[in-house]
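I have placed the structure first, in the form of structure tokens, so that the comments after it can refer back to it.
The values are calculated or read from the model by the stated rules, or taken from the named source; none is laboratory data. None of the values given here were measured: they were computed from a predicted structure. Quick reminder, even Gly has a Cβ in these numbers, built from the backbone with ideal geometry, and neighbours come from all protein chains shown.
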Protein chains: 4
Amino acid sequence: MGNFRRVPVGIVGASGYGGVQLVRLLMDHPEVELVYLGGESSTGKSFASLYPHLAHAVKLSIEEIDPEVIARRCEVVFLSLEHGLACQIAPTLLEKGCKVIDLSADYRFRDLATYTTWYGQERSDRTTAATAVYGLPEIYRDQISEAQLVGCPGGYATASLLALYPLLKQGLIMTETAIIDAKSGASSGGRDAKTYLLLAEAENSLAPYSVVRHRQTPEIEQICSDLAGHEVTVLFTPHLIPIVRGTLATVYAILRDPGLVGDDLTTIFTAFYRNSPWVKVCDSGIYPQTKWATGSNLCYLGVDVDPRTGRVVAISAIDNLIKGQAGQAIQCLNLMMGWDETLGLPKLGFYP
Amino acid sequence: MGNFRRVPVGIVGASGYGGVQLVRLLMDHPEVELVYLGGESSTGKSFASLYPHLAHAVKLSIEEIDPEVIARRCEVVFLSLEHGLACQIAPTLLEKGCKVIDLSADYRFRDLATYTTWYGQERSDRTTAATAVYGLPEIYRDQISEAQLVGCPGGYATASLLALYPLLKQGLIMTETAIIDAKSGASSGGRDAKTYLLLAEAENSLAPYSVVRHRQTPEIEQICSDLAGHEVTVLFTPHLIPIVRGTLATVYAILRDPGLVGDDLTTIFTAFYRNSPWVKVCDSGIYPQTKWATGSNLCYLGVDVDPRTGRVVAISAIDNLIKGQAGQAIQCLNLMMGWDETLGLPKLGFYP
Amino acid sequence: MGNFRRVPVGIVGASGYGGVQLVRLLMDHPEVELVYLGGESSTGKSFASLYPHLAHAVKLSIEEIDPEVIARRCEVVFLSLEHGLACQIAPTLLEKGCKVIDLSADYRFRDLATYTTWYGQERSDRTTAATAVYGLPEIYRDQISEAQLVGCPGGYATASLLALYPLLKQGLIMTETAIIDAKSGASSGGRDAKTYLLLAEAENSLAPYSVVRHRQTPEIEQICSDLAGHEVTVLFTPHLIPIVRGTLATVYAILRDPGLVGDDLTTIFTAFYRNSPWVKVCDSGIYPQTKWATGSNLCYLGVDVDPRTGRVVAISAIDNLIKGQAGQAIQCLNLMMGWDETLGLPKLGFYP
Amino acid sequence: MGNFRRVPVGIVGASGYGGVQLVRLLMDHPEVELVYLGGESSTGKSFASLYPHLAHAVKLSIEEIDPEVIARRCEVVFLSLEHGLACQIAPTLLEKGCKVIDLSADYRFRDLATYTTWYGQERSDRTTAATAVYGLPEIYRDQISEAQLVGCPGGYATASLLALYPLLKQGLIMTETAIIDAKSGASSGGRDAKTYLLLAEAENSLAPYSVVRHRQTPEIEQICSDLAGHEVTVLFTPHLIPIVRGTLATVYAILRDPGLVGDDLTTIFTAFYRNSPWVKVCDSGIYPQTKWATGSNLCYLGVDVDPRTGRVVAISAIDNLIKGQAGQAIQCLNLMMGWDETLGLPKLGFYP
């Protein structure tokens, strides 16, 4: 292997589910070495004390978050923090030459006014934010390859946008009719203890939440507008489902051409994603379930047409912690480093 | 108690989940006595051998299905069979003077051509079918009170129609924009062993199915058309969720009056259902989850408006085996017998 | 109904799962009226804000805990609090003439030294504790009927002791060989948010905990010793299972008489519990699962013998929130008030 | 890579859960090429039609089972069939020079009389069976390395024996006191549709089964006897838990030396398994849960002592489909081929 050198990477906010997935996937990534884990509430603890099942494999401890120190040790830094924290750390990291991949909402918005409206915080890093690229590789592959700062999409946005992308890009739908009914497992809510995420509450139940006001709505609309070439508004409704991992988006819209049938759409989707290794379009008449995607970085798409109402139904299934979070961040890493987009990422779901 | 006499009732098709719920609820009903259980595949078996947890309480065995015999012993007969079987039994029962409450699709359709299109069977009981009343008491209370034959709705139809009823009846929505995204637990699939209903397959997953072609679609449309006064077409998509019991329908439609807000709709729904003891409308900003309804005959409704897209979102949660099946059948029984609509039915969900 | 008067009862600690079950069951109890709900963290809140699914049925709010006030309004008071709190309230309630049914560990121990060893608190209510009766009606029916203060067993203790009772009482086993391997659902951990009870943590997993040091061990041993007539020590291991409700105890012990077979034990158990309406012994070769008991106050028992090792295996299944908590407390209430032991309690599990 | 050649391997019985895990793991194994899939009920179907989520990765179809043909194409053959079928195929495969790894019970028993007693079949392949090695690498590593035919353990046996191995090998326990209380998820029951494995039946429940007569009992006893040097009888009780994947064994036994404490046992276990890469012993006071192991080939062990009863409690957690089935088979493959024992097997569980 001669002078082969792994790229040193770090994770700020390693104690959550996004963090532990990043750790797991980066440990298996052939080009990187995980050299730093940082966090606030768990500073000083060994990672093994948070996730005992990894005690044999991960010997790092959670260190305090000092951007200067991090920048000296890491070439690439993943930020996996609550909204509003990445924007306090990223500017220094970027200035010191790091590549930064943020998993929060902080760098998803082109227009910070939208961020402030939905997330309720003023921001001082306007210049930094302007350089961020939206980390959905299927749509922004080229820009991500050139980026120093990537703001990765939310899990709901990932699933929704991959279903909408061909429809919008090819002008197939009346955009004002788009409705997204989305469902996601409990790990999307994080590892902090909240009553509604208790097994006794969430198990054996299905619960809609944040109806007509979920924060990933503006993020979805921003990208839809970009793809459509005009302002797009969508109705987005999330539901908590009693599974650990998985997000499914069921997308509805009226087709411009009422003559299209399900087979046509399947053909269009298949061709559209031909060069996207992480998107798989199901054969006509087959619809994905979340379990198919669990454990892999894949997004499965199924599409059909209801001729009676003239509507397309597009269904998208991902593992919310991989393609919806940590895996997608690593897919961005691969592009930013000029590596193969599939490097170090799981290709086969661990079904059942 | 003097000359008090309980009404003798029977269940044909007692071995499934609808059957066992009927048994449980009828055992606790103060006005009836369960005197007959019938079935095909399990003829001759004790009910306790099928459901050992009821061995101490139910001493009946599954008898063969002979309508003449059943009619001699029962005043009211519940039919809980696969589609296509009730229509072979009901005519004789009715002729002999029984009241019949069917839980299959056989007597849900005014136009048997629709039944034949979606269920694929010709029918010879055209006259009988013409007398059947659709067993959704909140909509057809008066007709059910007079009926000798009731065809109870499917669980999806129940949840969907209770959310749509006020919207359609008061002309609040543009009917052609109605979309129903529905989710239901595994008990909706029955007790017969099928691979996709195995815990190892269905657990940890969310699976859309019968996309753009589910059989409860025409049933929903028939009632919607009735309520709207013109032909209504809806897009209906069901999903299998990894819970045992519960159905949730998320209904979307464009409001005719774009000035209405969520509070308005909540007020309208609350007033609308004031006299329906089994429908509870949540306060504004609160959305029901299926667990609230589990164990009771209640339907919980929550409603809101997305001012950005001009759409109403109405959410309906029921226990698919009670309000969606056995409980609703007993609610119909109460009306048909002139008893209080709430008699013998559970009023408090068994949360958590 | 003439001068019929319902007995006024109150619940201190109504916001937890024990509380909500007590509320649900007492609402349906024909002899009582629920007039008071008390709590600490939720004082001033409406009960409906904690459990919106009961908004239509329960109009009470959570009041502050003032024993003098409670005693003026209630004849019977249920205490459903964290360990260490009931003993601060009960003495006043008793002095003012209330009957008190405590669901915590505070009044389970005859010897307060044991309580202090395992629960770590000194106690000043020694005299009060001495009058408490252990609230397991199958064993202490007569004493409960005379009691003013009852300390209800833990859920694990209930399941374990009902399996062990015939074995110990009839001297069938070598007591020093008793091992209890127990499993319970997440609602046993309460409604307070803790990380290990999150759906994302507990779902898809099975986790032993408190190995060789669970606090219900001494409680089980105290009663076993009482039954055996000599000091009994047991090995007790609990496991968290990914279900909401249900506790199962698998009990192992060496038989004194190696000639006994499974059928013998089934006969013995059946005869033993003939007059206990809430215990059902399964036929030989049938073993109960927790789902059978869910929703009812029943305890299901199955028993067999392994002739190869000379051991009995006795299996006990209950709903941890009913027979293991709120239902058993009401069973005690019925006895304390001279009512039928089964009054107001659910007899049929809500399977599936 | 020059003349690098992957070893051609095949799977007979590829349609079940063991099969799909073998497929997934062998696809990622660096030294083998999967060239053949065989089956009976699904002959002629594409593998993708059985497992659509692998449509993009696996292009093979299920072929008929002709040992002569299989032997021409494969160097190593995995047999993943119902008990009683492998013994009809293996002799020919072995004769033609294949290495054979059987996942059924057919080649687990040294004494075929035991097999016949518990599995009810006479066998004609007595000579073949005599050459089989029991495929638990931690115990029979050297023999497996030399074997042409390996009979892999059942999942329960794997979990149980890895907990018992140090205790027996070092003579720490009174062998006649060993009790195994085991729990396993629904995938252990296979993919064939059976009522008791339906989500609606198994979810929200915990069900003991095959009490005092489970078929893995004699397999466990055979190896225990081998390790102890004398006949050992164990009491083994399995329970079905509502998870997809995972097996946990809780093992109890009386220690010979009552002075040993938990720390001692942890130290002994840790030293004992120092050279077993797939066994991880938890620190003292930490007990494994099944979720830790899910997705990896690891077995986690935790051990403690109850000084009050003089018993050791040893807990073992594995993924039943990996270390309990497909992963262990590949671990055997690695040894049989002289490769590193860890090759191509997942080292990090996919928690949560």
Inset, instruction - Please indicate, with yes or no, whether at least one residue in region A:100-113 is under 18 Å from the mean Cα position of the chain (by Cα), buried (at least 22 other Cβ atoms within 10 Å of the Cβ) and outside the structural domain of A:G84 (by TED's automatic domain parsing). - result: no
Inset, instruction - Name every residue in region C:301-316 that is under 12 Å from C:I254 (Cβ atoms), assigned to a strand (DSSP E or B) and within 9 Å of chain D (Cβ to nearest Cβ), in order of residue number. - result: C:V305, C:D306, C:R311, C:V313
Legend entry - Matching residues, region A:164-218, being touching a residue at least 60 places away in the same chain (Cβ under 8 Å), over 30 Å from A:H230 (Cα atoms) and within 13 Å of chain B (Cβ to nearest Cβ): A:G185, A:S187, A:S188
Legend entry - Scope region B:53-78; condition touching a Phe, Trp or Tyr at 6+ places or on another chain (Cβ under 9 Å) and in contact (Cβ under 8 Å) with a residue 24 or more places away in the chain; matching residues: B:L54, B:V58, B:L60, B:S61, B:I62, B:E63, B:I70, B:R73, B:C74, B:V77
Inset, instruction - Test each condition in (1) surrounded by 23 or more Cβ atoms within 10 Å (Cβ to Cβ); (2) within 14 Å of chain A (Cβ to nearest Cβ); (3) on the phi < 0 side of the Ramachandran plot for B:V150 and report the one that comes out false. - result: (2)
Legend entry - Hits in region B:205-226 - residues which are out of contact with any helix residue (DSSP H, G or I) (no Cβ under 7 Å at 6 or more places or on another chain) and in a loop (DSSP other than H, G, I, E, B): B:Y209, B:S210, B:V211, B:V212, B:R213, B:H214
Inset, instruction - Kindly establish whether C:L248 is within 17 Å of the chain's Cα centre (by Cα), assigned to a strand (DSSP E or B) and more than 7 Å from every other protein chain (Cβ to nearest Cβ). - result: no
Legend entry - Residues that are facing chain A (nearest Cβ under 9 Å) and either farther than 23 Å from D:R141 by Cβ or in contact with a Lys or Arg (Cβ under 7 Å, 6 or more places away or on another chain) (or both), drawn from region D:273-292: D:D283, D:I286, D:Q289, D:K291, D:W292
Legend entry - Test result for A:I330, more than 14 Å from chain D (Cβ to nearest Cβ), closer than 18 Å to A:G151 by Cα and of a type in the set (V, I, T): yes
Inset, instruction - Report yes if A:A129 is farther than 21 Å from A:Y156 by Cα and modelled with pLDDT under 95, otherwise no. - result: yes
Inset, instruction - Collect the residues in region C:100-118 that are β-branched (V, I, T) and closer than 27 Å to C:A71 by Cα, keeping them in residue-number order. - result: C:V100, C:I101
Legend entry - Matching entry among A:G295, A:G246, A:G285, A:G259 (being farther than 30 Å from A:G16 by Cα, small (G, A, S) and either surrounded by 19 or more Cβ atoms within 10 Å (Cβ to Cβ) or without any contact (Cβ under 8 Å) to a residue 12 or more places away in the chain (or both)): A:G259
Inset, instruction - Report the residue count in region D:189-219 for those that are small (G, A, S) and touching a strand residue (DSSP E or B) at 6+ places or on another chain (Cβ under 7 Å). - result: 4
Legend entry - Yes/no for B:P277 being within 25 Å of B:N334 (Cβ to Cβ), surrounded by fewer than 22 Cβ atoms within 10 Å (Cβ to Cβ) and touching a Ser or Thr at 6+ places or on another chain (Cβ under 9 Å): yes
Legend entry - Residue match in region A:174-184 (condition: within 14 Å of the chain's Cα centre (by Cα) and either in the same structural domain as A:V251 (by TED's automatic domain parsing) or outside any strand (DSSP E or B) (or both)): yes
Inset, instruction - Filter region C:219-233 down to the residues that are crowded, with 19+ Cβ neighbours inside 10 Å and charged (D, E, K, R), then identify the one that is nearest to the other protein chains (Cβ to nearest Cβ). - result: C:E221
Inset, instruction - Answer with yes or no whether A:S284 is of a type in the set (S, T, N, Q), in contact with a Gly (Cβ under 6 Å, 6 or more places away or on another chain) and more than 25 Å from A:A186 (Cβ to Cβ). - result: yes
Legend entry - Of all residues in region D:153-190 being surrounded by 19 or more Cβ atoms within 10 Å (Cβ to Cβ) and of a type in the set (D, E, K, R), the one that is farthest from C:L240 (Cα to Cα): D:D181
